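Engineer: Below is a structure I'd like to ask you about.
The values are calculated or read from the model by the stated rules, or taken from the named source; none is laboratory data. The structure displayed is predicted, hence computed values, not measured ones. We place every Cβ from the backbone using ideal geometry, glycine too, and count neighbours over all the protein chains shown. Surface accessibility is based on the protein's heavy atoms, side chains included, excluding ligands, DNA and RNA. Shrake-Rupley method; radii C 1.70, N 1.55, O 1.52, S 1.80 Å.
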Amino acid sequence: MNTLTSIKAAPSPLELGRFADEATPLIRNCWYVAGFADEISRDIISRRLLGIDIALYRTLAGEAVAVRNRCPHRSFPLAKGKLDGDTLVCGYHGMQFDPSGRCVNMPSMPLVPTNANVRSFPLAERGPIVWIWMGEADHADEALVPETPWLADPAWKSVRGQYHIKTDYVTMHENLLDQTHFPFLHPGTVGTPEYARSKLDVRRDGDVIVIDRALRDAAPPGIYGVPMQLMDKKVDRFSEARFVSPALHTAYASVVDRADASGEPKTYRFNITHLLTPETNGTIHYWWFNTRDERLDDAEADAFLLAASEAAYLEDVDALEWISEVITSDIEPQFDLNFAADKPGLLMRRALFELAEAETSPALTAKD
Amino acid sequence: MNTLTSIKAAPSPLELGRFADEATPLIRNCWYVAGFADEISRDIISRRLLGIDIALYRTLAGEAVAVRNRCPHRSFPLAKGKLDGDTLVCGYHGMQFDPSGRCVNMPSMPLVPTNANVRSFPLAERGPIVWIWMGEADHADEALVPETPWLADPAWKSVRGQYHIKTDYVTMHENLLDQTHFPFLHPGTVGTPEYARSKLDVRRDGDVIVIDRALRDAAPPGIYGVPMQLMDKKVDRFSEARFVSPALHTAYASVVDRADASGEPKTYRFNITHLLTPETNGTIHYWWFNTRDERLDDAEADAFLLAASEAAYLEDVDALEWISEVITSDIEPQFDLNFAADKPGLLMRRALFELAEAETSPALTAKD
Amino acid sequence: MNTLTSIKAAPSPLELGRFADEATPLIRNCWYVAGFADEISRDIISRRLLGIDIALYRTLAGEAVAVRNRCPHRSFPLAKGKLDGDTLVCGYHGMQFDPSGRCVNMPSMPLVPTNANVRSFPLAERGPIVWIWMGEADHADEALVPETPWLADPAWKSVRGQYHIKTDYVTMHENLLDQTHFPFLHPGTVGTPEYARSKLDVRRDGDVIVIDRALRDAAPPGIYGVPMQLMDKKVDRFSEARFVSPALHTAYASVVDRADASGEPKTYRFNITHLLTPETNGTIHYWWFNTRDERLDDAEADAFLLAASEAAYLEDVDALEWISEVITSDIEPQFDLNFAADKPGLLMRRALFELAEAETSPALTAKD
């Protein structure tokens, strides 16, 4: 147990300098989400990821492809072109690129120009998610793709959604690690009063931040109690929230009915997958899944969980965009105060800062 | 009498440097309007004043309260929160502030954190106006609140309005001190031809600029002649216009019917109150009252004065926004020419410049 | 014949520095289009040309007038004023200017102020076009106005249009000199497959770039073949495209029917006039004429040529705006690759660079 009461309210500027914020360089050597798998098809789309505009499509065999959305000849956005088989054809002069980004034809030239390629990006498709590596290509290791097996497992059932948010991903990660806002920002869904001052176990494990919480013999939160038909019971609740990487926050929630109809204890599990890809330093693409292991074929549960998740996450979107607007437009900078409950967020900011620092150090850029 | 003909057309750059313009620092130690009294209620509103976003509400006892619209914890805009009695509750983590800005509860903390306050601003309510002091709190002297007793006196009757204008407040003050534009910008309302070259008495009295003008045996201007039913008469007209402070311009107009139905002379007085609060250096909040001491219960006069005032002031708004757009977008800066009739505006620009200079001098910032 | 295959794909930065791009200073000493002649009337309009906002109107005698759209007194946009005979009256204080820009009245002043003028710009009207000189007035030589006699000759017939484009004029000129994009960007109108790799004769002649192309015994392009009723024939095609000045690109196309109904050869000529005036470094005003010497009274030909031209030029507008957006928003600059077919555009960029360099050299600014 670790309920600090002594993190001082005004951190020294020196310490602040060691925590990531919206100005910290984005971390490139990381698997991020490029999109839901079913967003990527034979219709080319474009999406800005970590500041770089990317064109996304699938080959005839169904393999997802990502290349920079800018022709190396006259900067035409390639996503406005078309596909000819597996080849991407620029809409301006017909220059053609294979899925690796290699130029295979320039109609105005008798020979294929060498060294006229477009940068391609490694992708890894896992269930409903296509991951992309925006860093140095020779560091792209598929073993590092975060594991989210519940998203592709028939023993689990998901509802899902996506938003574009005008905030920075650091603030969004802090929001996801912070449960003390639930009763105030989400009173109608996930917030129950005891969240504000519940005891947390917080730890940093490498670059991962983990929060554990247990609550016994309590009312279930509406978002899970209603669709699982547990609102008339007291339950035990366990939750773990994890900052896994710059791209991923996962929350594992369990609601335990100590004696179900058969008299046996029964556990209802919910895995919440929050996927963040910075579009720029100040805007993010956000995809989420709310996945459960009970009542899989219950369409009413689907509808309830979808509506409740959308309501809660839109409350976060609104709050974070309001805060971003305050920070951006205010003429007097403010050093936000920190309290004990902010420890998970501060640990995450420290981890992100160290990742950014390592990435911009000479050692890495020299690719040693 | 003071009709200069010799202010030279092209002032030297040195002299220009001594006149306020849109780039001059805003003057903070001054009472500005925060809003009409009836804009501030139990529904929290926010408004940016001198660059700082302010949350405004009333206590249960009806006292107006102003605090910075930014929670000191995570920068959430407090106006998006709610009121719990007289306490302002942040919508993100439930942090609570009393009307003085002192934190009285942080739900995630067992004890109330000290030194976690939000800045509050002195207010002074006078009739239909709530004034705010944006400067150093220990300089806030209610004796300095400008006096506008006619706005709360039952012997007078007002129509009123408010606009947001995309211009700087210096240019707006100059426009208010300038009557030579009336026949050209306001031909249908306040402009009568003799305004363009009428003789003015202009003087600077401390930081106040005063213009006096008298016109005997003339046609009344439509804006006053029509509602007072004087258009078939010749009248004597007297007017005084005053730059009172960065926040206030007042105009006192009298129309004298030398012999009314009873054969006696009768004076119709109109006090025009122009209230300006810079939102930023380039935008202003503008409130106005057109107040008279005759025909108080005449609804037709109300309607006419309201419509004519709105028409005239919107002509000013349009003109000033066009000018601001020209100045902002032009690639070739221009040093505007000055003529004799610009003397009131130049005196005001000089006074504003000196106020700004005094405020940014070391002596004041050291709070001696 | 000059089909380079050896322009290297990656030009050295040093060489790049000698080619104009969107950041190159605009060339001021040049006749540009101010508008179609029938856009300028007794209703004052304003238009930003080379960064400077201009007010345009006609005198009672019909002569076009251009002055800076900013009163020298308080920066009011003069186009919001009105005309009094040939005199432009400012809408703010009634200051009056004659067509040469000289102040002829300031109502608040007993005497006309000297040296209170607004800058006027030389104009030259030629058929449907009013040309303007934005450079030093004493360099404005009407002999330098580009000749486009077909626009005013009854033996020719035009359709025409105009667009505002969010791109720089250098990129637009390059697009006009580049015919290898026709089959890809304009497949439905001017693009026939042989354009992509057709042989060109390219030459620079002073500051003029000329491209010649001949194609014998070929299918006519739809845009000309359909309205001239030649689609069932093989024709000889000749075309010349000319970068004439920063303001003008002309294309001369001929389609030769070797044996018409009477058995004689017959030539159909089309002159395409592309007129570009930079609004700013990143936006342009664009006017075009498609002018022919056959079937002058054929309303169906008019309608077809208008629709086909609009379709093709809007494809250019879209492409160039997409490219401009890519270049503006991308966080990683790109040095575009150049191929043999880019030679005309590169010669034009070199000529524009030299013009800009000459204009910003000390010799010229000293007006020697």
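Engineer: About its Cα centre, what dipole magnitude does the protein assembly as shown give when the only charges are +1 on Lys and Arg Cβ and -1 on Asp and Glu Cβ, stated in debye to the nearest 20? Show your work: numbers first, answer last.
Structural biologist: On the way: 111 positive and 162 negative charges, 134 e Å.
Its charge dipole is roughly 640 debye.
Engineer: Another question, if that's okay. Which one, A:275, A:23, A:104, projects farthest toward the positive side of the charge dipole computed for chain A from Cβ point charges (K/R +1, D/E -1)?
Structural biologist: A:104
Engineer: Related question: For labels at residue B:204 and residue B:283 in the simple 7 Å Cα→Cβ model, what's the distance in nm?
Structural biologist: 3.2 nm
Engineer: Where does segment A:317-362 land on Rg(C-alpha)/(2.2 N^0.38 Å)? Don't skip to the end; give the middle numbers.
Structural biologist: Details: Rg = 14.0 Å, N = 46, 2.2 N^0.38 = 9.4 Å.
Compactness ratio reported: 1.48.
Engineer: Probe radius 1.4 Å, ligands and nucleic acids ignored: give me the carbon and sulfur share of the accessible area of chain A as a rounded percent.
Structural biologist: Numbers: 8120 of 15180 Å².
Heavy-atom surface of chain A belonging to carbon and sulfur, 1.4 Å probe: 53 percent.
Engineer: Equivalent-ellipsoid semi-axes (√(5λ), Cα gyration tensor) for segment C:93-181, whole Å, largest first? Each step should come with its number before you reach the end.
Structural biologist: On the way: eigenvalues 294, 65, 39 Å².
Computed over segment C:93-181, the values are 38, 18, 14 Å.
Engineer: More than 17 angstrom separation, counting every C-alpha pair in segment C:185-312; what % is that?
Structural biologist: Working: 5113 of 8128 pairs.
In whole percent, the long-distance tail amounts to 63.
Engineer: For chain A, with equal point scatterers placed on the C-alpha atoms only and solvent neglected, what are the log10 I(q)/I(0) values from the Debye formula at q = 0.12 1/Å, to two decimals?
Structural biologist: Ignoring solvent entirely, the Cα scatterers give -0.97.
Engineer: Return the equivalent ellipsoid semi-axes of the protein assembly as shown as a descending list in whole Å, where each equals the square root of 5 times an eigenvalue of the C-alpha gyration tensor. Working shown, then result.
Structural biologist: Details: eigenvalues 590, 590, 128 Å².
Equivalent ellipsoid semi-axes, largest first: 54, 54, 25 Å.
Engineer: Pick out the long, greasy-scoring helices in chain C: whole DSSP H runs spanning 20 Å or more along their own axis by Cα, mean Kyte-Doolittle at least -1.0.
Structural biologist: For chain C, where a helix must reach 20 Å along its axis and average at least -1.0, the hits are C:299-329, C:343-359.
Engineer: Also: Evaluate peptide B:73-81: per residue, the Cβ atoms of other protein chains within 10 Å of its Cβ; return the mean as an integer. Could you put the intermediate results ahead of the total?
Structural biologist: On the way: counts 8, 16, 10, 8, 5, 1, 1, 5, 1.
Taking the mean over all residues of the peptide, I get 6.
Engineer: Within a Cβ distance under 12 Å of residue A:154, other residues only, what is the Lys/Arg minus Asp/Glu net charge?
Structural biologist: -2
Engineer: Near residue B:233, which lysines are there with a Cα under 21 Å away, not counting those fewer than 8 places off in the same chain?
Structural biologist: B:266
Engineer: How large is the accessible surface of residue A:170 in square angstrom, using a 1.4 angstrom probe and rounding to the nearest 10?
Structural biologist: For residue A:170, solvent-accessible area is about 0 Å².
Engineer: Which whole-number value in Å³ per residue fits the convex hull of the alpha carbons of segment C:147-362? Don't skip to the answer; put the middle values down first.
Structural biologist: Values: hull volume 29.8 nm³, N = 216.
It is 138 Å³ per residue.
Engineer: Please list, by residue number, everything in segment A:95-130 whose backbone N is under 19 Å from a paramagnetic label point 7 Å out along Cα→Cβ of residue A:136.
Structural biologist: Answer for segment A:95-130: A:119-123.
Engineer: Also: Only Lys, Arg, Asp and Glu count, each charged at its Cβ (+1, +1, -1, -1), so figure out the dipole size of chain C about its Cα centre, rounded to 20 debye. Write out the running numbers ahead of the final one.
Structural biologist: Numbers: 37 positive and 54 negative charges, 100 e Å.
Dipole magnitude for chain C comes out near 480 debye.
Engineer: Suppose you put the label 7 Å out from Cα in the Cβ direction; list, shortest first and in nm with one decimal, how far residue B:357 is from each other copy's label.
Structural biologist: Shortest to longest, the spacings are 4.8, 4.8 nm.
Engineer: Additional query: Taking a point 7 Å out from Cα toward Cβ as the label site, list the nm distances between residue C:22 and the same residue in every other copy, smallest first.
Structural biologist: From this label point to the equivalent ones elsewhere in the assembly: 2.5, 2.5 nm.
Engineer: Let me ask another. Ordering A:28, C:292 by how much accessible area each has at a 1.4 Å probe, largest first, what is the list?
Structural biologist: Numbers: A:28 60, C:292 0 Å².
Listed by decreasing accessible area, they come as A:28, C:292.
Engineer: Also: Only protein chains counted, 1.4 angstrom probe. Which residues of segment A:103-150 are at least 30 Å² less accessible in the assembly than when their chain is isolated?
Structural biologist: Residues shielded by partner chains are A:107, A:108, A:109, A:110, A:115.
Engineer: Count the net charge of all other residues whose Cβ sits under 13 Å from the Cβ of residue B:276, scoring Lys and Arg as +1 and Asp and Glu as -1. Display every interim value, and only then the final one.
Structural biologist: Working: positive: none; negative: B:168, B:174, B:279, B:316.
Around residue B:276, the surrounding residues sum to -4.
Engineer: If you don't mind, another one. Per-residue ellipticity at 222 nm for chain B, helices alone: DSSP H runs ≥ 4 residues times -39500 (n - 2.57), over residue total, nearest 500 deg cm²/dmol? Please report the intermediate quantities before stating the final value.
Structural biologist: Details: 7 runs with 73 residues, N = 368.
Calculated from helices alone, the mean residue ellipticity at 222 nm is -6000 deg cm²/dmol.
Engineer: Let me ask something additional. Give me the summed buried accessible area for the B-A pair, 1.4 Å probe, to the nearest 100 Å². Provide the component values of the computation, followed by the final result.
Structural biologist: Values: alone 17910 and 17930 Å², together 33100 Å².
Looking at B and A, the buried total is near 2700 Å².
Engineer: Looking only at other chains, what is the average number of their beta-carbon atoms within 10 angstrom of each beta-carbon in B:90-97?
Structural biologist: On the way: counts 3, 7, 10, 11, 7, 3, 0, 0.
Across the residues of B:90-97, the mean count of other-chain Cβ atoms within 10 Å is 5.
Engineer: Based on Cβ point charges of +1 for Lys and Arg and -1 for Asp and Glu, what charge dipole magnitude is obtained for segment B:235-330 about its Cα centre, in debye rounded to the nearest 20?
Structural biologist: Working: 7 positive and 19 negative charges, 89 e Å.
With only Lys, Arg, Asp and Glu charged at Cβ, the dipole is about 420 debye.
Engineer: On each of the three principal axes of the Cα atoms of segment B:264-366, give max minus min coordinate, whole Å, ordered largest first.
Structural biologist: 55, 38, 31
Engineer: So, one more: Using a 7 Å offset from Cα along the direction of the beta-carbon, what are the separations from residue C:119 to the same position in each other copy, nm, ascending?
Structural biologist: Result for residue C:119, in nm, nearest copy first: 4.2, 4.2.
Engineer: Let's test this: bin the Cα-Cα distances of segment C:38-134 at 10 Å from zero up to the farthest pair and state each bin's percent.
Structural biologist: Percent of Cα pairs in each bin: 17, 53, 25, 4, 0.
Engineer: With 29 Å as the limit, write out which pairs from A:343/B:80; A:166/A:199; B:157/B:234; A:343/B:82; A:166/B:166; B:199/C:82 have Cα-Cα distances beyond it, or answer none. Show your work: numbers first, answer last.
Structural biologist: Working: A:343/B:80 25 Å; A:166/A:199 32 Å; B:157/B:234 25 Å; A:343/B:82 26 Å; A:166/B:166 25 Å; B:199/C:82 26 Å.
The pairs that break the limit, which is 29 Å between Cα atoms, are A:166/A:199.
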